[in-house]
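The values are calculated or read from the model by the stated rules, or taken from the named source; none is laboratory data. Because the structure is predicted, anything quoted here is derived from the model rather than measured. Cβ placement follows ideal geometry from the backbone for every residue including glycine, while neighbour counts extend to all protein chains displayed. Remember, those area values only see protein heavy atoms, side chains included, never the ligands or the DNA or RNA. Shrake-Rupley method; radii C 1.70, N 1.55, O 1.52, S 1.80 Å.
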Amino acid sequence: MSMLESFLAMGGYAGFIWPTYILTAVVLVALLVASLKAARGAEKDLDAIQQTRRARRRNQPES
Amino acid sequence: MHRFANPARFMRIATLIQPWAVGVTILTTAAGLWFSLIASPADYQQGETVRIMYIHVPAAWMGLFCYTAMAVFSAMALVWKHPLADLLARATAPVGAAFTFVCLVTGALWGKPMWGTWWVWDARLTSMLILLFLYLGYMALVNAFDDPERGQKAAAVLALVGVVNVPIIKFSVDWWNTLHQPASVVKMGGPAIDSTMMVPLILMAVAFKAYYVVVLILRTRAEIAGQKLRVIRMAQVHAAGRAEIQA
């Protein structure tokens, strides 16, 4: 058996060890991506709404 | 503490911390994976499955740590009405739930080859499952009300009541007969595991902590922006209502 094959075989426990690492990676990356999207989305919406408000205020100085 | 309760100040501090937290996460994850998968020996009893422990144990620590953090933030929100504490508690919940889920599944993946079973209803495993349900209950409750403040208050009370589960989990292996082994890292007389296994364990623990900081900052930023959006939209609705009355 080559070095890589024996590494991947994990002493016969490959079916338990690799799912552990893959599942952990999937869960953590998914949460990270979702959080990144939430932060960018909310901050973009806020910027947009604040810009339209500023523009409206410039157009009608006395209210 | 009150000086940090200001969202604008939080944003300034977060911008400073974020790149460092990202850097520490990447470095310790890379080093942790190297040591846990390649540069550490197989256990004399567990064989290669000891490598599951380098994920399972730090994930369990994070499950407990995040819950404790959530309870402390909730207490600060209830007692001092910090504008940020509620947001930090809300941002912590999904991270803790994710780590608790990872801990339970990886525990099953280790239990099958080593204990001969995916799951047993013993004290440690059951109390950890309850922790996951507490997280899920918190996340459901916090969004269950039309008025976000009411949801936050109800969820904060749940977080505080549920904190009793944290010492139960920690000491469950000492109080009851269980299949789960007792603590081997944090114990009287020093850790009972070899340094070759301690290194990947500590690296993974640091990586998970740094990951928590990264996600906490991102989610809190989203919460702050979301709250500002709500206030502006509410003001717009009120202004539109006033204009209609005048017209």
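For this structure, a couple of remarks:
- Tilt relative to chain B, helix B:195-246 - C-alpha long axis, 0 to 90 degrees, to 10: 10
- Association of chains B and A removes close to 2900 square angstrom of accessible area from solvent, both sides included, for a probe radius of 1.4 Å.
- Chain B: most fluctuating residue of B:Val161, B:Val95, B:Val79 per GNM, C-alpha cutoff 10 Å: B:Val79
- Solvent exposure of chain B as accessible area per residue, Å², 1.4 Å probe: 51
- Potential lengthening between B:Gln236 and B:Leu16 on full extension [0.36 nm per residue; Cα-Cα distance subtracted]: 75.8 nm
- Residue of B:Leu179, B:Leu104, B:Leu131 that the Gaussian network model of chain B assigns the largest fluctuation, springs spanning Cα pairs under 10 Å: B:Leu179
- When the alpha carbon coordinates of region B:98-226 are projected onto the principal axes, the ranges are 50, 30, 29 Å, largest first.
- Computed over all pairs of different Cα atoms, the Kirkwood value for the hydrodynamic radius of region B:3-62 is 14.2 Å.
- Here the spin labels are modelled as points 7 Å beyond Cα on the Cα-Cβ line, and at B:Trp176 and B:Gln246 they lie 6.6 nm apart.
- As a length-normalised measure over Cα pairs under 8 Å and 6 or more apart, the relative contact order of chain B settles at 30 percent.
- 3J(HN,Hα) from dihedral phi, region B:36-50, Karplus parametrisation 6.51/-1.76/1.60, rounded to Hz, x for glycine, proline: 6, 9, 10, 8, 10, x, 6, 6, 6, 9, 7, x, 5, 5, 4
- Percent of alpha-carbon pairs separated by more than 27 Å within chain B: 45
- Rounded to whole Hz, the Karplus (6.51, -1.76, 1.60) HN-Hα couplings of region B:84-100, x for glycine and proline: 9, 4, 4, 5, 5, 5, 4, 6, 6, 3, x, 5, x, 5, 4, 5, 5
- Threshold 30 Å², region B:19-43 residues less accessible with all protein chains present than alone (1.4 Å probe): B:Leu37
- Pair B:Ile193, A:Glu5: separation of 7 Å Cα→Cβ label points (nm): 3.1
- Under Karplus coefficients 6.51, -1.76 and 1.60, residue-wise ³J(HN,Hα) of region B:120-129 in Hz, glycine/proline x: 10, 8, 9, 4, 5, 5, 5, 5, 6, 5
- With the convex hull constructed from alpha-carbon coordinates only, the protein assembly as shown shows a mean projected area of 20.7 nm² over all directions.
- Charge dipole magnitude, Cβ of K and R +1, D and E -1 - region A:3-59, Cα centre, debye nearest 20: 880
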